[in-house]
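Remarks on the structure that follows.
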Amino acid sequence: MKIGYLRVSTKTQNPARQINGLRDLCDKLFVETLSAIADDRPVFDMMLGELRKGDTLFVWDLDRAFRSTEDALFHERSLRERGIGFHAMNFDIETQSADGRYAYIVQAAAAERERMKISERTIEGLKAARARGQRLGPPIKM
């Protein structure tokens with residue numbers, strides 16, 4: 001069976017890009033709306049529990065499925081040991097071959113770096129806005 005997992009961080013984000021990319025490839029999709037930093041990921045955990053030997057897990061982006069390089073490597077190893085394939089679509093990475101696993105490790109590290117850069121840029125942007133005297137947050141209610 002081909003299982004797809006996709007995640008968006010907030011209810012205002014639209015998972016359509018991921019759904020469109022995985023819908024025709026997968027027999028079943030698991031969609032989660034939850035920040036990657038959340039301690040519990042109930043949909044992710046449920047999806048892992050449904051995977052069986054011979055299945056393949058598909059994700060659109062590594063950073064949508066895993067929180068860090070360490071998390072990505074842990075889950076890839078766990079899936080491989082269970083006889084479950086893995087395929088990341090945005091880089092066309094599979095983990096069944098040595099070259100595929102190498103590419104996976106490199107891209108997992110790149111995805112973690114990108115998450116860190118986004119966080120850094122967000123903090124810098126907020127500091128710059130405050131320095132300009134901009135009020136942050138929701139509008140004041142009367």
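The values are calculated or read from the model by the stated rules, or taken from the named source; none is laboratory data. Since the structure is predicted, the reported quantities are computational estimates derived from the model, not experimental observations. Heads up, the Cβs are rebuilt from the backbone with ideal geometry, glycines too, and the neighbour counts pull from every protein chain shown. Note: accessible area is taken over every heavy atom of the protein model, side chains too, but ligands, DNA and RNA are not part of it. Shrake-Rupley method; radii C 1.70, N 1.55, O 1.52, S 1.80 Å.
State whether one or more residues within segment 81-102 are of a type in the set (D, E, K, R) and touching a residue at least 40 places away in the same chain (Cβ under 8 Å). Give the derivation first.
Taking segment 81-102 as the starting set, the residues that turn out to be of a type in the set (D, E, K, R) are 81-82, 92, 94, 99, 101.
Cutting the leftovers down to touching a residue at least 40 places away in the same chain (Cβ under 8 Å) gives us none.
No: segment 81-102 contains no residue that is of a type in the set (D, E, K, R) and touching a residue at least 40 places away in the same chain (Cβ under 8 Å).
Just need a number here: residues in segment 124-138 that are of a type in the set (A, V, I, L, M, F, W, C) and surrounded by 10 or more Cβ atoms within 10 Å (Cβ to Cβ). Outline the logic, then answer.
Taking segment 124-138 and keeping what is of a type in the set (A, V, I, L, M, F, W, C), we get 126, 128-129, 131, 136.
In the following step, the residues that additionally are surrounded by 10 or more Cβ atoms within 10 Å (Cβ to Cβ) were identified as 126, 128-129.
Total satisfying the criteria: 3.
Return yes or no: is residue 6 of a type outside the set (Ser, Thr, Tyr), touching a helix residue (DSSP H, G or I) at 6+ places or on another chain (Cβ under 6 Å) and closer than 20 Å to residue 95 by Cα?
Details: of a type outside the set (Ser, Thr, Tyr): yes; touching a helix residue (DSSP H, G or I) at 6+ places or on another chain (Cβ under 6 Å): yes; closer than 20 Å to residue 95 by Cα: yes.
Spelling it out, residue 6 is indeed of a type outside the set (Ser, Thr, Tyr), touching a helix residue (DSSP H, G or I) at 6+ places or on another chain (Cβ under 6 Å) and closer than 20 Å to residue 95 by Cα.
What helices (runs of 4 or more DSSP H) lie completely within segment 1-120 and have 3 or more residues being open to solvent by 20 Å² or more (accessible area, probe 1.4 Å) and of a type outside the set (Gly, Ala, Ser)? I'd like the intermediate steps shown before the answer.
Details: elements: 16-22, 42-50, 62-65, 69-81.
Answer list for segment 1-120: 16-22, 42-50, 69-81.
Limited to segment 121-133, what total is found for residues that are in a loop (DSSP other than H, G, I, E, B) and of a type outside the set (D, E, K, R)? Reasoning before the result, please.
Start the filter on segment 121-133 by keeping residues that are in a loop (DSSP other than H, G, I, E, B), which leaves 132-133.
Filter once more, keeping what is of a type outside the set (D, E, K, R): 133.
The qualifying residues number 1.
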